[in-house]
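Step one of this worksheet: look at the structure below.
The values are calculated or read from the model by the stated rules, or taken from the named source; none is laboratory data. Predicted model only: the values in this text are computed from it and were never measured. Don't worry about glycine lacking a Cβ; one is built from the backbone with ideal geometry, like all the others, and counts go over all protein chains shown. Heavy atoms of the whole protein, side chains included, go into the accessibility calculation; ligands, DNA and RNA do not. Shrake-Rupley method; radii C 1.70, N 1.55, O 1.52, S 1.80 Å.
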Amino acid sequence: QVQLVESGGGLVQPGESLRLSCAPSGSIGNIYTMGWYRQAPGKQRELVAVITTGGTTNYADSVKGRFTISRDNAKNTVYLQMNSLKSEDTAVYYCKVILRTLMGSQARDYWGQGTQVTVSS
């Protein structure tokens, strides 16, 4: 059984920063691409940022220059540093990790439970 544990959400004012973290726990074999997605009320879930095993990153245009995704492979953890937050960043943020379990033969997606980020004055 694999679970993704997220932390770091909260309520901040515009212009402030937050850092999200996510780490899978359980019977972990190999971890591949890790990423963050978000879903605002009434909208579809959208990609925020992803990072490959080798460190290649990709960002949504709306967060480029403000958000930074990183990973610590020794800790199996992915981070999302969010700076200069705006009200339109308000959403539930979900971590997604592509991994293969120790007993599994194929890698698949695992999702976190989501953490609320609210940007409001």
Open item on the list: Out of everything in region 72-89 that is open to solvent by 40 Å² or more (accessible area, probe 1.4 Å) and assigned to a loop (DSSP other than H, G, I, E, B), what residue ends up being nearest to residue 39 (Cα to Cα)?
Closed with: 86
Open item on the list: Name the residue that is nearest to the chain's Cα centre (by Cα), counting only residues in region 6-54 that are under 23 Å from residue 106 (Cβ atoms) and among the β-branched types (Val, Ile, Thr).
Closed with: 50
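Restricting the search to region 77-103, which residues are closer than 13 Å to residue 24 by Cβ, more than 15 Å from the chain's Cα centre (by Cα) and not aliphatic (A, V, I, L, M)? Explain how you work it out, then say what you get.
From region 77-103, those closer than 13 Å to residue 24 by Cβ are 77-78, 95-102; that's our starting set.
Keeping just the survivors that are more than 15 Å from the chain's Cα centre (by Cα) gives 100-102.
Hits for region 77-103 are 100, 101.
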Task: Residue list for region 43-52, restricted to those being closer than 19 Å to residue 90 by Cβ and either open to solvent by 30 Å² or more (accessible area, probe 1.4 Å) or in contact (Cβ under 8 Å) with a residue 60 or more places away in the chain (or both) - done: 43, 44, 45, 46, 47
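Checking the condition open to solvent by less than 60 Å² (accessible area, probe 1.4 Å), without any contact (Cβ under 8 Å) to a residue 24 or more places away in the chain and in a loop (DSSP other than H, G, I, E, B), which residue from 55, 15 passes? So that I can check it myself, show each step before the final result.
Numbers: 15 fails: without any contact (Cβ under 8 Å) to a residue 24 or more places away in the chain.
After applying the criteria, what remains is 55.
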Task: Hits in region 25-37 (condition: within 19 Å of residue 75 (Cβ to Cβ), modelled with pLDDT of 95 or more, open to solvent by less than 40 Å² (accessible area, probe 1.4 Å) and of a type outside the set (Gly, Ala, Ser)) - done: 31, 34, 36
Task: Residues that are touching a residue at least 60 places away in the same chain (Cβ under 8 Å) and of a type outside the set (Phe, Trp, Tyr), drawn from region 22-38 - done: 22, 24, 26, 27, 28, 29, 30, 31, 33, 34, 35, 38
- [ ] Go through region 90-114 residue by residue and tally those that are out of contact with any Ser or Thr (no Cβ under 8 Å at 6 or more places or on another chain), open to solvent by 60 Å² or more (accessible area, probe 1.4 Å) and not charged (D, E, K, R).
- [x] 4
